[in-house]
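Chemist: Mind having a look at this structure? Questions to follow.
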Number of protein chains: 2
Amino acid sequence: MESPGRSRPRTQSRSKELPIDSILEGDCIAEMARLPDKSVDMIFADPPYNLQLGGDLFRPEGGKVDACDDDWDKFDSLATYDDFTREWLAEARRILKDDGTIWVIGSYHNIYRVGALLQDAEFWILNDIVWRKANPMPNFRGTRFTNAHETLLWCAKDEKARYTFNYRAMKALNDDLQMRSDWVLPICSGSERVKDDAGDKAHPTQKPESLLYRILLACTKPGDVVLDPFFGTGTTGAVARRLGRKWIGIERERSYVKVARQRIDATLPLDESAMTVMADKRSQPRVAFGLLVESGMVPAGSLLMDSKRRWSASVNADGSIACEGNSGSIHKVGATLQGAPSCNGWTFWHVELEDKLQPIDALRQKHLAGL
Amino acid sequence: MESPGRSRPRTQSRSKELPIDSILEGDCIAEMARLPDKSVDMIFADPPYNLQLGGDLFRPEGGKVDACDDDWDKFDSLATYDDFTREWLAEARRILKDDGTIWVIGSYHNIYRVGALLQDAEFWILNDIVWRKANPMPNFRGTRFTNAHETLLWCAKDEKARYTFNYRAMKALNDDLQMRSDWVLPICSGSERVKDDAGDKAHPTQKPESLLYRILLACTKPGDVVLDPFFGTGTTGAVARRLGRKWIGIERERSYVKVARQRIDATLPLDESAMTVMADKRSQPRVAFGLLVESGMVPAGSLLMDSKRRWSASVNADGSIACEGNSGSIHKVGATLQGAPSCNGWTFWHVELEDKLQPIDALRQKHLAGL
DNA sequence: GAATGTCCTGAATCCTCTA
DNA sequence: GTAGAGGATTCAGGACATT
């Protein structure tokens, strides 16, 4: 039997234009080979898991479990699976922009091989994420722990890469707490599950849209291009479209390509205001403290205090401040007084307004808003 | 510098007797080489993670993170780490009984290499278990997802092995539900943390007893022998003794050996009735508002209103909401609008469903019920 | 004694722009 | 390349002191 993706990519010219918002029907390695270098912002990959299932599995009441026994999930050996993985990862690395990131999802059957090969290919793991399934399939035989999670790896191209991470958006999504590496999300079922013409599930391992939603919201910007080399029923494309991201899918099986096209065509993008996420302070334009002094918002000569009124500093005409013999920037003086290695002067220093202390950061926000 | 365990085991006679309930002071590979074939029922291994940390890391308030920067965690390259891992795994496989199992714990830094090498050595993965930390260290710089879990691999010697799994005990421990592959447990802190004479933590990476408790209860029988080749402060020995299992520890650092001996000597075996006391409380799943947005229950762009329709807020893609120039969490915006110090957004905000206003808390309940 | 507040700490691959 | 400066950044829980 011919296994998936194990034919050598034919030498053929690379397209210069990215086939944006479209599905490439064909072998994932051959089709990736046609895409230009450093051209996509993110790759999301849900490769075959190489499940190595034995015989049929029966439920306690007698029904047979509808296992994933498709040909595309079968490999002769671990070495064959490794070769396949190495090949598609090499293409993925070539296509990915230097500041782009790659996500790969898998189960214990394959994720340890994929993870080691990612590291071998010099990808830099940023996090491993556990998708904790809210409603997993029980272990019918009672022989192991219920396999209730899958693992995702999030990697940059190297240690120094400046990847996208929308920290504030993730924090907002998690009730104002940092988003953790364990995500509790339901499996894909009900009306979200794509059915074929006969009413059966169109794909054995369709991923929930909520999973892709979180990934794309966290690690891409609107307009970014996401490549999914194992497109299946097009979950990545549907969510990308909804969130105003561009997408490219690669899929070998014609039946999947068909349902994916229909599905994405039926997906409506959110309107732009709904796509808003909490802005990262790091992406806001810089304001020099001196500007607030010049504009009279914090006149030279006024007093700054820390929140506990332990120190008070006077503002100089040039935007530097002075306190207890120290003078310099709001940050440097704050750090020196506290004996700390660094200090954010914007949140450390306050001004008295209507009997209440207000951080000077609030004045900066006013300034940015043009007030 | 000579790294741990990388010296070749000297050819020396193997003991015929197992050194039951004792600590072998020495290099883990050399000491394992002296143990007889197929002699232990379980191996629990907590090897170096090879963290590859850079410079110092400071907390927002100025404190310095006490990193694990010990020499025993430093390896020259991934290849060196792989060689080390291959060697101790080969000894582990030799020592393990044919129906015994091995557990290995790690983080994303090392677990993918360990997992792949376990498979290469023909171990058969039974489960990967996620230890979800109830109280992980935050990501202080806001650059990644909070690294809130570690991974354990549970393997038999081959596909056909008849390993021990105490299904009923696990189910009982989990409120009569099948024990899942994700375990929520607190990190080791407080009085459980072993201190040295100076009152500092004796070991940088001590594991919680609750973790070992669950593992030993699940996968060994009373009287079984558990080998821990990276014994540290002896958590495995202490829990084994408490649960009536036999143990062997290998540890190179004399200071760890000393505290481990004291600790285990002070541990009393539990009588059976007391053993269930350690069962952990189940954690109430917390639902973030963002989850309802991700899952499409409250799509981005929809409108929220207070019960008197005085204000209406629009939902952003990240689960934050916006109203009259304020944006933030459902709680924060509700509080700001009312001029209140705090606000329960779940009961304050409503959605219109079938011409009736319904608090979003009702949707949360639906979500919790799996609808 | 109970309630409240302060301080400390945990396996961490933890910044970015300009000169 | 490197050096320096700006300024962004934390959650839960236990110990211990204070009210």
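The values are calculated or read from the model by the stated rules, or taken from the named source; none is laboratory data. If you're wondering where the values come from, they're calculated on a predicted model, not measured in any experiment. Every residue, glycine among them, receives a Cβ derived from its backbone with ideal geometry; neighbour counts consider all protein chains shown.
Chemist: Just give me the residues in segment B:41-69 being within 13 Å of DNA strand D (Cβ to nearest atom) and not in a loop (DSSP other than H, G, I, E, B), in sequence order.
Modeler: B:PHE58, B:LYS64
Chemist: Condition check: touching a strand residue (DSSP E or B) at 6+ places or on another chain (Cβ under 8 Å), closer than 20 Å to A:THR220 by Cβ, part of a helix (DSSP H, G or I) and aliphatic (A, V, I, L, M). Does A:ALA238 satisfy that?
Modeler: In short, no.
Chemist: Determine which member of the set B:LYS160, B:LYS97 is away from DNA strand D (no atom under 16 Å from the Cβ), modelled with pLDDT of 95 or more and away from chain A (no Cβ under 13 Å).
Modeler: After applying the criteria, what remains is B:LYS97.
Chemist: For segment A:267-319, which residues satisfy the criterion of being within 11 Å of DNA strand D (Cβ to nearest atom), of a type in the set (Gly, Ala, Ser) and without any contact (Cβ under 8 Å) to a residue 24 or more places away in the chain?
Modeler: Once the filter is applied, which keeps residues that are within 11 Å of DNA strand D (Cβ to nearest atom), of a type in the set (Gly, Ala, Ser) and without any contact (Cβ under 8 Å) to a residue 24 or more places away in the chain, segment A:267-319 yields only A:SER283.
Chemist: Moving on. Considering only segment B:134-154, state which residues are more than 9 Å from chain A (Cβ to nearest Cβ) and closer than 30 Å to B:GLY100 by Cβ.
Modeler: Once the filter is applied, which keeps residues that are more than 9 Å from chain A (Cβ to nearest Cβ) and closer than 30 Å to B:GLY100 by Cβ, segment B:134-154 yields B:GLU150, B:LEU152.
Chemist: Taking the options B:ASN135, B:ASN110, B:ASN139, name whichever one is within 12 Å of DNA strand D (Cβ to nearest atom), touching a Pro at 6+ places or on another chain (Cβ under 8 Å) and of a type in the set (S, T, N, Q).
Modeler: Checking each option against the conditions leaves just B:ASN135.
Chemist: Please verify whether A:ARG242 is of a type in the set (Lys, Arg), more than 19 Å from A:LEU126 (Cβ to Cβ) and surrounded by 23 or more Cβ atoms within 10 Å (Cβ to Cβ), treating the condition exactly as stated.
Modeler: yes
Chemist: For segment B:21-61, give me the residue count where each residue is touching a strand residue (DSSP E or B) at 6+ places or on another chain (Cβ under 9 Å) and among the basic types (Lys, Arg).
Modeler: 2
Chemist: Out of all the residues in segment B:2-13, is one or more modelled with pLDDT under 95, among the basic types (Lys, Arg) and closer than 29 Å to A:ASP158 by Cβ?
Modeler: Yes, because at least one residue in segment B:2-13 is modelled with pLDDT under 95, among the basic types (Lys, Arg) and closer than 29 Å to A:ASP158 by Cβ.
Chemist: Hey, another quick one. Does segment B:178-187 include one or more residues that are buried (at least 21 other Cβ atoms within 10 Å of the Cβ), more than 16 Å from DNA strand D (Cβ to nearest atom) and hydrophobic (A, V, I, L, M, F, W, C)?
Modeler: Yes: segment B:178-187 contains one or more residues that are buried (at least 21 other Cβ atoms within 10 Å of the Cβ), more than 16 Å from DNA strand D (Cβ to nearest atom) and hydrophobic (A, V, I, L, M, F, W, C).
Chemist: Please note which helices (runs of 4 or more DSSP H) are completely contained in segment A:254-371 and include at least 2 residues that are away from DNA strand C (no atom under 16 Å from the Cβ) and aliphatic (A, V, I, L, M).
Modeler: Helices (runs of 4 or more DSSP H) meeting the threshold: A:254-265, A:289-294, A:330-338, A:360-368.
Chemist: Then there is this: Taking the conditions exactly as written (more than 8 Å from DNA strand C (Cβ to nearest atom) and either at the interface with chain A (Cβ under 8 Å from one of its Cβ atoms) or within 25 Å of B:GLN178 (Cβ to Cβ) (or both)), does B:LEU126 satisfy them or not?
Modeler: yes
Chemist: Which residue is nearest to B:SER329 (Cα to Cα), if the candidates are limited to segment A:178-209 and must be more than 8 Å from chain B (Cβ to nearest Cβ) and hydrophobic (A, V, I, L, M, F, W, C)?
Modeler: A:TRP183
Chemist: Run A:GLN262 past the list (1) surrounded by 15 or more Cβ atoms within 10 Å (Cβ to Cβ); (2) away from DNA strand D (no atom under 16 Å from the Cβ); (3) at pLDDT 95 or above and report the number of the one that doesn't hold.
Modeler: (1)
Chemist: In addition: For segment A:213-235, enumerate the residues that are within 13 Å of A:ALA260 (Cβ to Cβ) and either within 14 Å of another protein chain (Cβ to nearest Cβ) or touching a His at 6+ places or on another chain (Cβ under 8 Å) (or both).
Modeler: The answer is A:GLY232, A:THR233, A:THR235.
Chemist: Please go through segment B:11-33 and give me each residue that is surrounded by fewer than 18 Cβ atoms within 10 Å (Cβ to Cβ) and either part of a loop (DSSP other than H, G, I, E, B) or β-branched (Val, Ile, Thr) (or both), ordered by number.
Modeler: Scanning segment B:11-33 gives B:THR11, B:GLN12, B:SER13, B:ARG14, B:SER15, B:LYS16, B:GLU17, B:LEU18, B:PRO19, B:ILE20, B:ASP21, B:GLY26.
This table checks each residue for (1) within 14 Å of chain B (Cβ to nearest Cβ); (2) of a type outside the set (A, V, I, L, M, F, W, C); (3) more than 10 Å from DNA strand D (Cβ to nearest atom); (4) over 23 Å from A:PRO285 (Cα atoms).
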| residue | (1), (2), (3), (4) |
| --- | --- |
| A:THR336 | yes, yes, yes, yes |
| A:SER342 | yes, yes, no, no |
| A:HIS350 | no, yes, yes, no |
| A:ALA369 | yes, no, yes, no |
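Chemist: Among the residues of segment A:182-199, is there at least one that is in contact with a His (Cβ under 8 Å, 6 or more places away or on another chain) and more than 23 Å from B:ALA322 (Cα to Cα)?
Modeler: yes
Chemist: Same structure again: May I ask you to say which residue of B:GLY190, B:GLY199 is at pLDDT below 95, within 16 Å of DNA strand D (Cβ to nearest atom) and under 19 Å from B:VAL257 (Cα atoms)?
Modeler: The unique qualifying residue is B:GLY199.
Chemist: Residues that are closer than 30 Å to B:ILE330 by Cα, within 16 Å of DNA strand C (Cβ to nearest atom) and free of Cβ contacts under 8 Å to residues at least 24 places away in the same chain: does segment A:161-170 have at least one?
Modeler: no
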